[in-house]
Each structure stands twice: as C-alpha cells, then as structure tokens.
Amino acid sequence: MNYENIFIEHEKGIATLTINRPAKLNALNKATIQELHDAFSAMERNAEVKVIILTGSGEKAFVAGADISEFANFSVEEGAQLAQKGQELLFDFVENLKTPVIAAVNGFALGGGLELAMSCHFRVASDNAKMGLPEVSLGVIPGYGGTQRLPQLIGKGRAMELIMTAGMVSAEDAYRTGLVNHVVPQAELLAFCNGIASKIMRNSPAAISQAIKVVNDNFKDGVNGFNSEIDAFGYCFGTADFKEGTTAFLEKRKAEFKGN
Ligand code: COA
C-alpha cells in the first residue's frame, strides 16, 4: 500500500513504522492517523510481522502532538468526535494489537505523541527525548487517552503534576518514573529496539498475543484480569505453538513456532 505520511521497512519479522512529516515534527493530522490505523491493521494480519517498532523521522521528534492547525476552530461536538475517533482508530487500536508494538521515542513526544507512545506496549527513548502532555497550555486536555494511561504508567500524583504544569520530562526522568523502559544514545535507538524485538521473536506469537490481551484486561472496567488469565491460559493449551514449545523443550531442541 502507498502511504503519504508514514513508511514501513520490514526485515526478518521486524516491521519498522516511521511517521514521516518532519517539517511538522511528525504531528498527527487526520490523514496520518488513518494511515497509521491502516498500516497497523495490515501488519497485524501479516503473519510474517512478529514485532512492530514505531518511530518518528528525523532526529528531533517522535511526534510533537496532534496537529494543532487542524482542530483550532473546532466546536464542542467536533472536539469530542476528534478524541473518540482518534482513540478508536489509533490509540486503543494499538494498545490492543495482537502483535507487540515498541515505541522508539527518538525526540519530542508531546501531547498526542506521548499518548501514542503510551499506547504502544512499551517504550525505549533516545537520550535527547523530551516527553510531556502540554495540552492545558492550549486550553484543552489530553484527548487520546493521556489522562488514563499516564497515571497507569507513572502514578497519579506524578501524572497530575506533569499534566497541570504542561511540563516536559527528560528521557532520564522518564526512565526513573517508569514511563520508558530504557534510555540509549540516539544513534543506537533502532538497533537497541531491534535487539529486544529479536528476543521477543524467539517466543510463541500465539502466547504473546494472549499475554498482551490479559495484561491490558487489568486496566479495563468491569473485566476481571485474573479470570481473563485463567481463560487465556487454558486457550494456550489448544494451540499448535503450545504443542511445539513443550515438545521442543522435552526434545532439547529450539522451538519453531507457527503463531497459532
Ligand atoms: N501541530 C501542528 N504543527 C506543529 C506541531 C503540532 N503539534 N508541533 C510542531 N509543529 C510545526 C510548527 O508549527 C512548525 O511549523 P512551521 O515551520 O510551518 O511553522 C514546525 O512544526 C517546527 O516546529 P517549531 O515550533 O518551529 O520547532 P521548535 O524547535 O521551535 O519547537 C516544539 C519544538 C516541539 C517545542 C514546538 O513545536 C511545540 O511546542 N509544538 C507543539 C507541542 C504541543 O503543544 N503538542 C500538543 C498538541 S495537542
């Protein structure tokens, strides 16, 4: 598929998806959100893609937020619709993707940019990255899940302060508070993420997608994560990956997972 605002490189099971609007610091306009949805959806259906790495083009920004020029004149209804559509198409969609998604935060991740990084399954930052939710400085609040996911990741008090001050945290501070899992020099960011992806790829895709679902269930209203875990655990016993994984262990050989 041809995309205008993103590009994808796929090598040996790892797809690197790059948001490519460097002149606008990769700000998320409507077209980019739709393209990201289409690309994530296609990659989830592609059994050859085992891990996705999401990053921004250039050395300055991951994503500097939702495209402010697009919503500056919106009404109350249009504002609510913007948040709802965006959450459905991209942020909730990525969080619930069956394929693991790593955010390689290569610079500014602000507003919708940090919200997108937080929707990914985990984050690695380059040492120059800066992160924040500056929406209140524009007279609005985070609308792509930031008010919910930031407290989940760094705790309520820290999230309140970051949101209220519209401040930015350094990569090191983000690491200290658990917002990102690792900080590496910018030149090594993608290689580092590829290293983690390679470790993930040794394991059963069927089990990994169940694990993603169950961990996410911990944060869903009205869903008992422990019960979900029991169901998903049982489900795994019916998969070819389980048969292969346990047989390979007993035969003292490397498992060859098919992903089902
Ligand atoms: N929406 C639309 N355009 C954006 C943008 C956004 N969120 N973030 C950056 N841009 C555009 C700028 O308007 C500028 O475009 P121009 O060259 O056509 O004027 C270009 O990207 C470069 O940004 P600039 O502000 O000149 O870079 P800088 O190095 O001086 O500052 C930032 C970098 C990230 C601090 C600054 O761009 C910024 O504060 N962006 C908005 C962050 C934000 O509030 N995000 C939340 C949105 S809800």
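The values are calculated or read from the model by the stated rules, or taken from the named source; none is laboratory data. Treat the numbers as computed from the prediction; the structure is a model and nothing was measured. Cβ sites come from the backbone with ideal geometry, for glycine too, and all protein chains shown count toward neighbours.
The table for this structure:
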{"item": "Single match in Asn46, Asn29 (criterion: in the same structural domain as Lys98 (by TED's automatic domain parsing) and either under 21 Å from Pro134 (Cβ atoms) or among the charged types (D, E, K, R) (or both))", "result": "Asn29"}
{"item": "Filter result (among the small types (Gly, Ala, Ser) and assigned to a helix (DSSP H, G or I)) within the stretch 224-241", "result": "Gly225, Ser228, Ala232, Gly234, Ala240"}
{"item": "Among residues of the stretch 146-203, those that are among the aromatic types (Phe, Trp, Tyr) and under 21 Å from Ile52 (Cα atoms), counted", "result": "1"}
{"item": "Conditions (1) buried (at least 18 other Cβ atoms within 10 Å of the Cβ); (2) closer than 27 Å to Lys98 by Cα: number failed by Leu162", "result": "(2)"}
{"item": "Residue check, Gly111 over 30 Å from Glu48 (Cβ atoms) and buried (at least 23 other Cβ atoms within 10 Å of the Cβ)", "result": "yes"}
{"item": "Test for Leu116: is it under 21 Å from Lys98 (Cβ atoms) and within 14 Å of the ligand (Cβ to nearest atom)", "result": "yes"}
{"item": "Yes/no for Phe233 being in contact (Cβ under 8 Å) with a residue 24 or more places away in the chain and surrounded by fewer than 16 Cβ atoms within 10 Å (Cβ to Cβ)", "result": "no"}
{"item": "Residues satisfying the stated conditions in the stretch 193-223, i.e. hydroxyl-bearing (Ser, Thr, Tyr), part of a helix (DSSP H, G or I) and more than 21 Å from His182 (Cα to Cα)", "result": "Ser209"}
{"item": "Residue within the stretch 174-190 that is within 19 Å of Leu97 (Cβ to Cβ), at pLDDT 95 or above, not basic (Lys, Arg) and not in a loop (DSSP other than H, G, I, E, B) present", "result": "no"}
{"item": "Matching residues, the stretch 242-260, being over 30 Å from the mean Cα position of the chain (by Cα) and in a loop (DSSP other than H, G, I, E, B)", "result": "Glu251, Lys252, Arg253"}
{"item": "Selection from the stretch 140-190 of residues that are among the basic types (Lys, Arg) and under 16 Å from the mean Cα position of the chain (by Cα)", "result": "Arg149"}
{"item": "The stretch 1-45, residues that are away from the ligand (no atom under 16 Å from the Cβ), in a loop (DSSP other than H, G, I, E, B) and either among the charged types (D, E, K, R) or within 30 Å of Phe257 (Cβ to Cβ) (or both)", "result": "Met1, Tyr3, Glu4, Lys12, Gly13"}
{"item": "Check on Gly259, loosely packed, with under 12 Cβ neighbours inside 10 Å and at positive phi", "result": "no"}
{"item": "Elements of type helices (runs of 4 or more DSSP H) in the stretch 57-163, at least 1 residues being touching a Ser or Thr at 6+ places or on another chain (Cβ under 6 Å) and not β-branched (Val, Ile, Thr)", "result": "92-95"}
{"item": "First in the stretch 115-131 and among the β-branched types (Val, Ile, Thr), second anywhere and assigned to a strand (DSSP E or B) and within 16 Å of the ligand (Cβ to nearest atom), Cβ under 8 Å, 6 or more apart", "result": "Val124/Val105"}
{"item": "Odd one out for Asn106 among (1) more than 26 Å from Lys213 (Cβ to Cβ); (2) surrounded by fewer than 24 Cβ atoms within 10 Å (Cβ to Cβ)", "result": "(2)"}
{"item": "Residue within the stretch 3-19 that is in contact with a helix residue (DSSP H, G or I) (Cβ under 9 Å, 6 or more places away or on another chain), without any contact (Cβ under 8 Å) to a residue 40 or more places away in the chain and among the polar types (S, T, N, Q) present", "result": "yes"}
{"item": "Residue check for Ala187: assigned by TED's automatic domain parsing to the domain that holds Ala83 and of a type in the set (Gly, Ala, Ser)", "result": "yes"}
